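A short worksheet on the structure shown next.
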Amino acid sequence: MAVFKPENVEDFYEIGDVLGSGHFGQVRQVREQTTGTCWAGKFLKIRKMAGSRLGVDRSSVEHEVEILQALHHPNIVILKDVFESRAEVVLILELVSGGELFDFIAEKENLLESEAIEFMKQILEGLGFMHSKKIAHFDLKPENIMLSNKVSPDPNIKLIDFGLAHRFQQSKEYRSTSGTPQYIAPEVINNEPLGMAADMWSIGVITYILLSGLSPFQSDTDEGTLKNIIAMKYEFFSQYFSTTSSIAKDFIQKLLIKNPNDRMTAEECLLHPWIKPITRKQVANRNRSSINMKNFKKFNAKRKWKMSYNIVLMCNRLIQLKLLCKGSSDPDPRQRQCESDTEDTESKPASLLRRRLSSSS
Ligand code: ATP
């Protein structure tokens, strides 16, 4: 069982700027008082009443902590410590200061496939390690693929956000319909038993986007996106894939397969000739091909715009709530707020939209 320290986190860490927000709280830079080292503090509001939609269940946080504790790999964020107070749990995580991989790439003028592959390799190594421990991530998407730092020319990939991750137990089925519409596998939508292969589907989607700047199943609505996934409706449009190697398309095709048993595993991906070329022709192919940077930049700008839009929506809801509760003063000016501070009264298919805040569909 994970140890949650009952001490006040602020007695050990100075709380700094917001690094990001999630569904159940904020992530802030924190500074360890004894060493001066900076970390990321993930502040999660704990659900106070059963049945309430405010906050996250303590058991879910325990689950995320146990998973993080089982994962020590250079491409997976490290968990250092956990603090617990009456209302929230704080995870002290390795500070990942390089931002999102997609933002790093979008700043470049051009990128060869061979350069993109170096990042893919690290994602697959981190994922392969998780899968070897029988842990699936179940929420792989650009927002959860970060870089260790901004200063090094070749920063390391760090996978983050294990809030939906699951550790499989022998002969125990697991089903879940949570995830982000653009990236989820057909078996998730169909509420079928899941396995590690659901992550491999997301890798196929991420690779498709990385190469073309196009999201393979995206429609104007989440419902439309889910329908396209179920129908396996995707193709390599020549105007977007004109600079893509055929071996890269083969890599994607071996992941975007409806039957999870037929998809490549992370280990098999690492041996695919796109990642590990064998012949000289394959090497040359990768070096000649590049990602569709013009369209990728467009995709990324739109994705960021949607994320900001969601944050503005969230703030507006909070302001409305505060106006409704006028008279009740803010108990703490540094109070950390999140979408979960407000009840979501709209009726939506609950779990598929659990990740709506960070959804980029
Ligand atoms: P979601 O609702 O998307 O699942 P969450 O509540 O589980 O979010 P995270 O995805 O873990 O929270 O974190 C939210 C954001 O905070 C991330 O998108 C990222 O920008 C930032 N972040 C998370 N962990 C770190 C870290 N270790 N170092 C730096 N920034 C981080």
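The values are calculated or read from the model by the stated rules, or taken from the named source; none is laboratory data. Just so it is clear, the model here is predicted, and its values are computed rather than measured. Cβ: placed from backbone, ideal geometry, glycine included. Neighbour counts: every protein chain shown.
Miscellaneous remarks
- Qualifying residues in segment 40-54 (those that are away from the ligand (no atom under 11 Å from the Cβ) and in contact with a helix residue (DSSP H, G or I) (Cβ under 9 Å, 6 or more places away or on another chain)) - the one nearest to residue 16 (Cα to Cα): 46
- Against the test of being closer than 24 Å to residue 254 by Cα and buried (at least 17 other Cβ atoms within 10 Å of the Cβ), the options 192, 143 yield a single qualifying residue, 143.
- Here segment 242-258 is the region considered, the condition is being assigned to a helix (DSSP H, G or I) and among the charged types (D, E, K, R), and the residue that is surrounded by the fewest Cβ atoms within 10 Å (Cβ to Cβ) is 250.
- Per the conditions (1) in contact with a helix residue (DSSP H, G or I) (Cβ under 8 Å, 6 or more places away or on another chain); (2) in a helix (DSSP H, G or I), the sole criterion not satisfied by residue 163 is (2).
- Single residue of segment 40-90 satisfying the filter (free of Cβ contacts under 8 Å to residues at least 40 places away in the same chain and among the aliphatic types (A, V, I, L, M)) that is surrounded by the fewest Cβ atoms within 10 Å (Cβ to Cβ): 50
- The condition (being part of a loop (DSSP other than H, G, I, E, B), modelled with pLDDT of 50 or more and away from the ligand (no atom under 16 Å from the Cβ)) is satisfied by just one residue among 331, 349, 273: 273.
- Test for residue 114: is it within 15 Å of the ligand (Cβ to nearest atom) and either part of a strand (DSSP E or B) or surrounded by fewer than 19 Cβ atoms within 10 Å (Cβ to Cβ) (or both): no
- Selection of segment 259-270 for residues being part of a loop (DSSP other than H, G, I, E, B) and among the polar types (S, T, N, Q) yields 259, 265.
- Selected residue [away from the ligand (no atom under 12 Å from the Cβ), farther than 22 Å from residue 133 by Cα and touching a Cys at 6+ places or on another chain (Cβ under 8 Å)] from 86, 31: 31
- Lone qualifier among 286, 303 - being in a helix (DSSP H, G or I), in contact (Cβ under 8 Å) with a residue 12 or more places away in the chain, crowded, with 16+ Cβ neighbours inside 10 Å and within 21 Å of the chain's Cα centre (by Cα): 303
- Being without any contact (Cβ under 8 Å) to a residue 40 or more places away in the chain, under 24 Å from residue 303 (Cα atoms) and assigned by TED's automatic domain parsing to the domain that holds residue 265 holds for only one residue in 192, 118, 173, and it is 118.
A quick yes/no check of all residues on (1) of a type in the set (D, E, K, R); (2) part of a helix (DSSP H, G or I); (3) touching a Ser or Thr at 6+ places or on another chain (Cβ under 9 Å):
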| residue | (1), (2), (3) |
| --- | --- |
| 192 | yes, no, no |
| 201 | no, yes, no |
| 204 | no, yes, no |
| 210 | no, yes, no |
| 220 | yes, no, no |
| 226 | no, yes, yes |
| 232 | no, no, no |
